[in-house]
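*Asks:* Here it is, the structure, as structure tokens.
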Amino acid sequence: MSTEEIAEEKVEEKPKENNTGIVYIYATYNNTIIHITDMVGNTLAKVTGGRMTKQSRLKANPTVAMFAAKKAAEQVRDLGITQVFVKMRAKGGKNANSPGPGAHATVKSLAREGIRVLNILDTTPIPRGGPKPAGGKRGRRV
């Protein structure tokens with residue numbers, strides 16, 4: 001066996017590791033926050049729509065959310081994250097229970113950047129009962 005054949009045997013390709021992360025998307029009608037962690041919870045990237053645009057009225061825009069997701073994907077791809085779980089959240093409570101306009105654009109942009117989306121979960125807090133609403137038995141009479 002020559003030295004070249006021995007070197008070729010040692011250079012066998014190792015199976016590529018799929019490092020997994022969690023993407024937390026907080027999408028309101030005013031802003032979109034993208035926070036990417038590893039499975040333990042250590043922060044790998046945090047990007048908001050407010051960092052991408054100068055106009056405050058555009059922070060929740062799908063285009064701005066797409067740029068923010070692209071920047072976050074670049075940061076975590078360098079760290080070896082190839083697949084993610086997505087946890088999407090709206091304001092919730094007594095406020096809006098549907099995610100803002102940047103939520104779906106963020107997920108699509110992550111997938112377009114080559115990050116495999118394993119699961120999408122909506123974690124918006126929903127009130128269940130809560131305190132008695134004001135106004136009495138017959139409601140507020142005007």
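*Asks:* Classify the range 26-125 as rounded, prolate or oblate from the Cα gyration tensor: take a ≥ b ≥ c as the square roots of its eigenvalues, call it rounded if a/c is under 1.5, otherwise prolate when a/b beats b/c and oblate if not. Spell out each step's value before the answer.
*Replies:* On the way: a/c = 1.84, a/b = 1.27, b/c = 1.44.
It comes out oblate by the Cα gyration axes.
*Asks:* What's the ranking of 20-29, 123-132 by average number of surrounding C-beta atoms within 10 Å, highest first?
*Replies:* Order by mean packing, descending: 20-29, 123-132.
*Asks:* Where does the chain land at 222 nm, in deg cm²/dmol rounded to the nearest 500, when only DSSP H runs of n ≥ 4 count, each adding -39500 (n - 2.57), divided by all residues?
*Replies:* For the chain, the value works out to -8500 deg cm²/dmol.
*Asks:* Quick check: net charge around residue 48, other residues with Cβ under 13 Å of its Cβ, Lys/Arg +1 and Asp/Glu -1?
*Replies:* On the way: positive: 46, 51, 59, 71; negative: none.
Its environment carries a net charge of +4.
*Asks:* Shifting gears a bit: Under 8 Å for C-alpha pairs, at least 6 residues apart: give me the relative contact order for the chain, rounded to a whole percent.
*Replies:* On the way: 264 pairs, mean separation 34.5, N = 142.
After rounding, I find 24 percent.
*Asks:* Right, another one. Quick one: net charge around residue 97, please, counting Lys, Arg +1 and Asp, Glu -1 for every other residue with C-beta under 15 Å from its C-beta. All intermediate terms of the calculation are to be shown ahead of the outcome.
*Replies:* Values: positive: 89, 91, 94, 128; negative: 122.
Charge balance near residue 97 sits at +3.
*Asks:* Then there's this: Just name one of 79, 105, 58: the one whose Cα is farthest towards the positive end of the charge dipole of the chain (beta-carbon charges, Lys/Arg +1, Asp/Glu -1).
*Replies:* With unit charges placed on the Cβ atoms, the residue in question is 58.
*Asks:* Related question: Provide the net charge surrounding residue 74, with neighbours chosen by a C-beta distance below 15 Å and charges set as Lys +1, Arg +1, Asp -1, Glu -1.
*Replies:* Here the charged neighbours net out to +4.
*Asks:* Another question, if that's okay. Per 0.36 nm of contour for each residue apart, how much would the distance between residue 29 and residue 83 grow if the chain were fully extended, relative to their Cα-Cα spacing? Write out the running numbers ahead of the final one.
*Replies:* Values: separation 54, 0.36 × 54 = 19.44 nm, distance 2.74 nm.
Net length gain for the segment: 16.7 nm.
*Asks:* Also: Obtain the nm distance between the two label points defined at residue 117 and residue 70 by a simple spin-label model: each point lies 7 Å from its Cα along the Cα-to-C-beta direction.
*Replies:* Inter-label distance under the simple model: 1.7 nm.
*Asks:* Assign unit charges at the C-beta atoms only (+1 for Lys and Arg, -1 for Asp and Glu), then state the dipole size of the chain relative to its Cα centre in Debye, rounded to the nearest 20.
*Replies:* Details: 24 positive and 12 negative charges, 471 e Å.
In total the dipole reaches around 2260 debye.
*Asks:* Let me ask you something else. By how many nm would the segment from residue 56 to residue 142 lengthen if fully extended, with 0.36 nm per residue of separation less the alpha-carbon distance?
*Replies:* That pair, residue 56 and residue 142, stretches by 27.2 nm at full extension.
*Asks:* Highest mean first, what order results for 93-100, 133-140 on Cβ atoms within 10 Å? Walk me through the numbers before you get to the answer.
*Replies:* On the way: 93-100: 15.2, 133-140: 7.6.
In decreasing order of mean packing, 93-100, 133-140 become 93-100, 133-140.
None of the figures in this text is laboratory data; all of them are computed from the coordinates on show. Predicted model only: the values in this text are computed from it and were never measured. All Cβ positions, even for glycine, are placed from backbone atoms using ideal geometry, and neighbour counts span all protein chains on display.
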